[in-house]
Amino acid sequence: MLSEKMINALNEQIAFEGYASFLYLAQAGWFENKSMVGCASFMYRQSAEEHMHMMKIFRYLLEMDAVAISPAIKQPPAEFKDVRTIFSETLAHEKRVTASINDLVALAIKESDHATYAFLQWYVTEQREEESLMRTILDKINLIGDGAQSLYFIDKEIEALNQATVAAEKAEGGE
Ligand code: OFO
């Protein structure tokens, strides 16, 4: 049985993941408007992933006989400064998500909540991979440069990363 505190914290995490899904959707739209289709498909996939992260917690709460709350989502921006800013903000956002997952893990340990501790380990791994992926993208942008002439090459690189991630996920069996 989950504590009241854990139920509330998991419901807050649902809202966090939901916001990430809509933020990445907004960024996908921004990229598509700029004809950066590689970056757009990357962000559409990220958005779908965040939705899946949200649903995993939603279902976990229900499985544990708790109330899962469908969150109110703050509207994300529709305009963004440039490609580099989008990816550095995305990395910053993922770092905040990691901190929030770590707080949940700490709470599970404090409450000797072994079921939630085990459940959260998937998120610990996921966050490590996500942060590493965003850092790789920023490194590539730094190498290529982000002037107007470079956008085409950045888009191609991110499309290639996107394809590699999809292939790796398929090989792992879905997630
Ligand atoms: Fe779900 O926040 Fe990262 O991936």
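Here are a few things to note about the model shown:
- Packing-based exposure ordering (other Cβ within 10 Å, fewest first) of Ile7, Ile141, Ile158: Ile7, Ile141, Ile158
- Placing +1 on the Cβ of every Lys and Arg and -1 on the Cβ of every Asp and Glu, with nothing else charged, gives the chain a dipole about its Cα centre of roughly 260 debye.
- Approximate spin-label separation Asp103-Lys34, in nm, with each point projected 7 Å along Cα-to-Cβ: 3.1 nm
- Whole-Å distance, taken between Cα centres, linking segment 105-175 and segment 1-66: 14 Å
- Ordering 22-32, 91-101 by mean Cβ neighbour count within 10 Å, with the highest value first, yields 22-32, 91-101.
- Span-like helix ranges in the chain, DSSP H, alpha carbon extent 24 angstrom or more, Kyte mean at least 0.0: 83-110
- Mean Cα-pair separation over length for segment 4-172, i.e. relative contact order, pairs under 8 Å, 6 or more apart, %: 28 percent
Bear in mind these aren't lab numbers, they're just calculated from the coordinates by the rules spelled out. Quantities reported herein were computed from a predicted structural model and do not represent experimental measurements. Positions of Cβ are generated from backbone atoms using ideal geometry, with glycine treated the same way; all protein chains shown enter the neighbour counts.
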